[in-house]
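First up is the structure itself, then whatever we jot down about it.
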Amino acid sequence: MKLLHIDSSILGDNSASRQLSESVVKAWKSADASVEVTYRDLAADAISHFSSATLVAAGTPAEVRSAAQQHEAELSASTLAEFQAADAIVIAAPMYNFSIPTQLKAWIDRIAVAGQTFRYTEAGPEGLCGGKKVIVVSTAGGLHAGQATGVAHEDYLKLLFGFLGITDIEFVRAQGLAYGDEVRSKALSDAQAQIDEQLFAAA
Ligand SMILES: Cc1cc2nc3c(=O)[nH]c(=O)nc-3n(C[C@H](O)[C@H](O)[C@H](O)COP(=O)(O)O)c2cc1C
């Protein structure tokens, strides 16, 4: 089972989502010995923003691409291939300015590819990634789940992966992390308990 583990927090060792995503992956490996992990740190090794240069590189035949265009095209291809090869994806998604980190959005822009991960038909869009499982570690300073303020964060990710055909999506949530030590500590221990007791209970 191929598992793609993605971190996107810019807070390094102080990151709550990094701590929790590592726990999810560890628990998954304990529950399933066949798990093979590929790790991507989008903060340490950022994917450049999807840009006109990306489009031009994609539209230029490989044999006449410049070195920069070749790099762009290879980045798109390898990021997409890694996502397509994964049976499951664990994504650490902190809330930054009511949405996901720009680094995570840059990754999404490389994996949402018409004809590869979704397509348009006469009956409307069709996701091509059914069968994958996604676990999102959702962290925030405030409390946003189920609120209008969370629409561009958790709801957006649910919508995006649903568009790609992925319906098996679970959230491990630690929010209110900026509400003082007590609330932070409880939010983190509740999320850890969810990982330990619920996520792989059936495995
Ligand atoms: C640049 C930045 C923007 C943030 N914006 C928000 C926000 O809009 N709403 C919120 O509740 N918390 C916000 N926070 C707080 C983070 O969501 C919180 O620190 C959380 O722990 C982030 O997860 P991490 O520790 O894995 O980075 C922001 C933090 C940073 C660094």
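The values are calculated or read from the model by the stated rules, or taken from the named source; none is laboratory data. Nothing here was measured: the structure is a model prediction, and the numbers come from that model. Positions of Cβ are backbone-derived with ideal geometry, glycine not excepted, and every protein chain shown enters the neighbour counts. Ligands, DNA and RNA are excluded from the accessible area calculation, which covers all protein heavy atoms including side chains. Shrake-Rupley method; radii C 1.70, N 1.55, O 1.52, S 1.80 Å.
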> Is it fair to say PHE50 is among the aromatic types (Phe, Trp, Tyr), touching a Phe, Trp or Tyr at 6+ places or on another chain (Cβ under 9 Å) and in contact (Cβ under 8 Å) with a residue 60 or more places away in the chain?
Replying inline: no
> Checking ALA201 against (1) exposed (fewer than 14 other Cβ atoms within 10 Å of the Cβ); (2) of a type in the set (A, V, I, L, M, F, W, C); (3) under 15 Å from the mean Cα position of the chain (by Cα), which single condition isn't satisfied?
Replying inline: (3)
> Mind checking whether some residue in segment 24-44 is charged (D, E, K, R), more than 24 Å from LEU164 (Cα to Cα), open to solvent by 90 Å² or more (accessible area, probe 1.4 Å) and in contact with a strand residue (DSSP E or B) (Cβ under 9 Å, 6 or more places away or on another chain)?
Replying inline: yes
> Inside segment 34-79, can you point out the residues that are in a loop (DSSP other than H, G, I, E, B) and in contact with a helix residue (DSSP H, G or I) (Cβ under 6 Å, 6 or more places away or on another chain)?
Replying inline: VAL35, LEU42, ALA43, ALA46, ILE47, HIS49, PHE50, THR60
> Only one of (1) over 21 Å from the mean Cα position of the chain (by Cα); (2) under 20 Å from GLY115 (Cβ atoms) fails for LEU80. Which number is that?
Replying inline: (1)
>> Condition first: assigned to a loop (DSSP other than H, G, I, E, B), within 16 Å of the ligand (Cβ to nearest atom) and either without any contact (Cβ under 8 Å) to a residue 24 or more places away in the chain or open to solvent by less than 10 Å² (accessible area, probe 1.4 Å) (or both). Now tell me which residues in segment 101-141 satisfy that.
In response: PRO101, ALA140
